[in-house]
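S.K.: Below is a structure I'd like to ask you about.
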Ligand SMILES: NC(=O)c1ccc[n+]([C@@H]2O[C@H](COP(=O)([O-])OP(=O)(O)OC[C@H]3O[C@@H](n4cnc5c(N)ncnc54)[C@H](OP(=O)(O)O)[C@@H]3O)[C@@H](O)[C@H]2O)c1
């Protein structure tokens with residue numbers, strides 16, 4: 001099969017190649033999936049560049065997320081799954097078989113039925129972003145009737161945090177940096193969209209608040225705003241590291257009796273991942289998850305795809321093997 005892969009870490013154009021490799025066979029408990037769309041996430045290019053290295057077993061086909069059709073199953077998997085449309089999560093976690101190839105093999109639980117009404121492109125953008133958003137949003141309990149602030153609501157995680165929060169019954173305010181991103185966040189269903197660069201951003205969010213839970217992409221940059229708009233005993237959940245570690249205003253955090261939670265999807269408990277898959281599937285079936293705009297690249301354009309994602313493309317970068 002044709003696969004995009006790298007054998008050593010480095011810049012996209014220097015290490016990513018498209019090669020013929022043997023198509024993997026599904027082992028016990030696994031499914032073989034013909035990949036129609038492969039989603040690029042920051043974790044994929046950080047692993048490839050070596051910024052956050054992961055071990056390479058001879059070669060690494062990148063990308064956790066994808067969507068396609070089950071073509072074969074290994075021992076112990078229901079043969080009735082052959083022909084099923086699926087979305088994939090964590091395909092490359094501890095394995096060489098990422099989704100940037102014509103086929104991939106994943107443990108059966110990581111190939112989740114994709115409803116007919118959901119496109120492969122949407123399916124290929126769910127894994128890392130929607131599952132991270134789900135855990136950030138709900139790890140501290142239900143948000144029904146609460147006020148949620150999603151920082152960076154036009155980002156991949158932010159987008160699904162808005163949609164899942166609305167579905168969970170929250171009032172949602174989100175921050176963005178430009179009118180085009182504001183339009184995306186409004187389309188996702190945010191009740192209020194605030195440009196975090198405007199001088200009265202704090203006042204705008206505070207007028208909507210007080211905020212019970214914050215899904216935060218930039219703790220250092222936004223700590224002051226977050227602390228100004230939360231109610232006491234609120235929770236701020238951070239899922240991204242900034243270039244420099246933040247200095248925390250400890251006294252203000254104590255005064256607010258705030259809980260700070262840090263999330264890394266790789267370490268989220270199995271039961272919470274299963275709950276995320278179940279809730280995301282239910283939201284998909286109800287037509288309540290939408291995709292961000294996509295930029296598509298063929299497999300041969302894998303390096304350009306990574307460069308586009310690393311360059312901060314608005315929306316999602318998708319490779320179509
Ligand atoms: N912990 C985990 O398990 C986990 C899981 C998924 C992603 N991540 C990390 O989370 C980050 C985002 O991932 P993603 O896939 O959502 O990326 P993305 O689609 O590029 O979105 C990032 C968003 O953050 C916004 N942003 C940046 N600085 C901001 C600020 N000061 N205030 C508000 N918004 C701000 C950006 O908007 P503007 O450019 O307009 O500011 C952008 O929309 C990456 O660093 C990724 O590695 C971590």
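S.K.: Hey, does the range 111-127 have a residue that's surrounded by fewer than 23 Cβ atoms within 10 Å (Cβ to Cβ), within 15 Å of the ligand (Cβ to nearest atom) and closer than 29 Å to residue 260 by Cα?
M.R.: no
S.K.: For the structure I just gave you, tell me whether residue 6 is within 16 Å of the ligand (Cβ to nearest atom), farther than 22 Å from residue 113 by Cα and crowded, with 19+ Cβ neighbours inside 10 Å.
M.R.: Spelling it out, it is not the case that residue 6 is within 16 Å of the ligand (Cβ to nearest atom), farther than 22 Å from residue 113 by Cα and crowded, with 19+ Cβ neighbours inside 10 Å.
S.K.: Sticking with this structure for a sec: Select from the range 137-151 the residues that are outside any loop (DSSP other than H, G, I, E, B) and more than 16 Å from the chain's Cα centre (by Cα) and list them in ascending order.
M.R.: 147, 148, 149
S.K.: Now a separate question. Looking only at the range 228-239, decide whether some residue is part of a helix (DSSP H, G or I), at negative phi and modelled with pLDDT of 95 or more.
M.R.: yes
S.K.: Restricting the search to the range 15-58, which residues are farther than 16 Å from residue 103 by Cβ, away from the ligand (no atom under 16 Å from the Cβ) and out of contact with any strand residue (DSSP E or B) (no Cβ under 9 Å at 6 or more places or on another chain)?
M.R.: Result: 28, 55, 57, 58.
S.K.: Of the residues 252, 244, 305, 271, only one is closer than 24 Å to residue 110 by Cβ and out of contact with any strand residue (DSSP E or B) (no Cβ under 9 Å at 6 or more places or on another chain); which?
M.R.: 271
S.K.: Just need a number here: residues in the range 152-170 that are in a loop (DSSP other than H, G, I, E, B) and more than 7 Å from the ligand (Cβ to nearest atom).
M.R.: Counting residues in the range 152-170 that are in a loop (DSSP other than H, G, I, E, B) and more than 7 Å from the ligand (Cβ to nearest atom) gives 4.
S.K.: While we're looking at this one, here's another question. What number of residues within the range 171-203 satisfy the criterion of being in contact with a strand residue (DSSP E or B) (Cβ under 7 Å, 6 or more places away or on another chain), within 10 Å of the ligand (Cβ to nearest atom) and more than 15 Å from residue 226 (Cβ to Cβ)?
M.R.: Count: 5.
S.K.: Out of curiosity, is residue 212 surrounded by fewer than 21 Cβ atoms within 10 Å (Cβ to Cβ), within 18 Å of residue 233 (Cβ to Cβ) and either in contact with a helix residue (DSSP H, G or I) (Cβ under 8 Å, 6 or more places away or on another chain) or in contact (Cβ under 8 Å) with a residue 60 or more places away in the chain (or both)?
M.R.: Yes: the conditions hold for residue 212.
S.K.: Name the residue that is surrounded by the fewest Cβ atoms within 10 Å (Cβ to Cβ), counting only residues in the range 61-73 that are more than 19 Å from residue 115 (Cα to Cα) and touching a helix residue (DSSP H, G or I) at 6+ places or on another chain (Cβ under 8 Å).
M.R.: 73
S.K.: Which one is surrounded by the most Cβ atoms within 10 Å (Cβ to Cβ), of the residues in the range 171-196 that are touching a residue at least 40 places away in the same chain (Cβ under 8 Å) and not in a strand (DSSP E or B)?
M.R.: Among residues in the range 171-196 that are touching a residue at least 40 places away in the same chain (Cβ under 8 Å) and not in a strand (DSSP E or B), the one surrounded by the most Cβ atoms within 10 Å (Cβ to Cβ) is 190.
S.K.: What number of residues within the range 296-308 are in contact with a helix residue (DSSP H, G or I) (Cβ under 6 Å, 6 or more places away or on another chain) and either in a helix (DSSP H, G or I) or within 16 Å of the ligand (Cβ to nearest atom) (or both)?
M.R.: 3
S.K.: If I ask for residues that are within 16 Å of the ligand (Cβ to nearest atom), closer than 18 Å to residue 67 by Cβ and surrounded by fewer than 21 Cβ atoms within 10 Å (Cβ to Cβ), which ones from the range 310-321 would you list?
M.R.: 315
S.K.: Checking residue 287 against (1) more than 24 Å from residue 91 (Cα to Cα); (2) in a loop (DSSP other than H, G, I, E, B); (3) within 11 Å of the ligand (Cβ to nearest atom); (4) touching a residue at least 60 places away in the same chain (Cβ under 8 Å), which single condition isn't satisfied?
M.R.: (3)
S.K.: (1) without any contact (Cβ under 8 Å) to a residue 24 or more places away in the chain; (2) within 14 Å of the ligand (Cβ to nearest atom): which one isn't true of residue 149, the others all being true?
M.R.: Going through the list (1) without any contact (Cβ under 8 Å) to a residue 24 or more places away in the chain; (2) within 14 Å of the ligand (Cβ to nearest atom), residue 149 breaks only (1).
The values are calculated or read from the model by the stated rules, or taken from the named source; none is laboratory data. These numbers come from a predicted model, not from an experiment. A quick note on method: Cβ atoms are made from the backbone with ideal geometry, for glycine too, and the neighbour counts reach across all protein chains shown.
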